[in-house]
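Take a look at the structure below.
The values are calculated or read from the model by the stated rules, or taken from the named source; none is laboratory data. Because the structure is a prediction, the values reported are computed rather than measured. Counting neighbours? That spans all protein chains shown, and the Cβs are built from the backbone with ideal geometry, glycine included. Keep in mind that these areas ignore ligands, DNA and RNA; they rest on the heavy atoms of the full protein, side chains included. Shrake-Rupley method; radii C 1.70, N 1.55, O 1.52, S 1.80 Å.
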Amino acid sequence: MEKEITKMNEIPSQEIVVKTLLEESKKVLENWGKEVRAKIESKADEYYRVLSDINKMPHLFVLGCVMDRQIKAERAWDIPYIVCKHFNTWNIAQLANIDKTDFVNYFETNKLHRFPKDMGICFYEAVQRIHNQYNDDASNIWNNGVSSATVVCRFLEFKGCGIKISTMATNILQRDVGIRFSDYSAIDVSPDVQVCRILYRLGLISDSEDRTMTVYKAKEINPGFPGVIDLACWLWGRDYCNPTHPLCEQCPLNEVCIRNGLDVKSKKDNKSSVRKKRTAKKKNV
């Protein structure tokens, strides 16, 4: 990388930025694969507990995805367990015999979700779809080497599942569970604030809030598997590239990032000013 960028202040070409982004993203995925296997085995939290049970009870994964909307992820993934425990069954056919009003009442009484009534209905509808369309086996949604587009479309058919959740679910299946599809072209990035910010700071998109542009830039970068950058960008956005005080020196993309939208000079001056004030304060003590 140092050979490709010949001058300290030279702006790297988009080709170099994209190459580095893809290389570093693949490293993150490789490391993640090793870590996630250990977490699944230990059932580290609600999410990994669901994944550890996916072969026995794949419907818990689907129901967790349906619940994952505008609440903390750990809460969303725990809801299927809470509901099944309350109704004393883990069997999808038995869950399908429970009346819609019973689900809604339980969601509302126990405030299981930010939108208890709506999500109680979504839960009921998801159970019915798995029961009627997939013969009580949710893994029929993704088994038999179907295309990634087929899986995304099938998740979109669940009430409450938009493109973000459907893409996320499909990405999790191939990334964390190891499900193989006939292709991966329909696995897009989830255009959340972290991913959008990374692509904007790199100068790959012109608007940090344009989710559509983020999705299609990922398609342009790696059309065979646009979502390959998803996890890495999300982690980097969370850990390093925060909105106001990014930890650029710790970021793997530091050498190629143009820091779009950041006034680097003023930030350096501000940090220098803070250091001077602290030093002066110590001397006066």
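To the nearest 0.05, how large is the calculated FRET efficiency for LYS56 and ALA96 if R₀ is 22 Å and r is the Cβ-Cβ distance?
After rounding to 0.05, the efficiency reads 0.80.
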Calculated over the range 47-109: convex hull of Cα atoms, volume per residue (Å³): 82 Å³
Heavy-atom SASA rank of THR20, THR212 (probe 1.4 Å, accessible area, largest first): THR212, THR20
Exposed GluC sites (Glu not before Pro) absent: longest stretch of the chain, with sites in DSSP loops and at most 10 other Cβ within 10 Å deemed exposed: 11-285
Among SER139, SER182, SER208: highest mean-square fluctuation, GNM of the chain, C-alpha pairs under 10 Å: SER182
For the chain, calculated [θ]222 nm from helices alone, where every DSSP H run of n ≥ 4 adds -39500 (n - 2.57): -18000 deg cm²/dmol
In Å², nearest 10: area of TRP236 left accessible to a 1.4 Å probe: 10 Å²
Computed FRET value (nearest 0.05) for ASP263 with GLU10, which takes r as the C-beta separation and R₀ as 25 Å: 0.80
Out-of-range pairs (alpha-carbon distance over 29 Å; input LYS72/LYS100; LYS56/LYS100; LYS34/LYS159): LYS34/LYS159
Two-decimal Rg to Rh for the chain - Kirkwood Rh, Cα set: 1.06
Solvent exposure, largest accessible area first (probe 1.4 Å, DNA, RNA and ligands not counted), of ARG201, ARG49: ARG49, ARG201
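Could you look at the chain and say what percent of its accessible area is carbon and sulfur, using a 1.4 Å probe and all protein chains?
47 percent
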Alpha carbon convex hull of the range 1-96, volume per residue in cubic angstrom: 161 Å³
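Express in nm, to one decimal, how much length is gained between ASP183 and ILE163 on full extension, taking 0.36 nm for each residue of separation and deducting their alpha carbon distance.
5.4 nm
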R0 of 25 Å, Cβ-Cβ distance HIS245-VAL193: FRET efficiency to nearest 0.05: 0.95
Spin-label pair GLU23/ASP137, simplified geometry with 7 Å Cα→Cβ offset, distance in nm: 4.5 nm
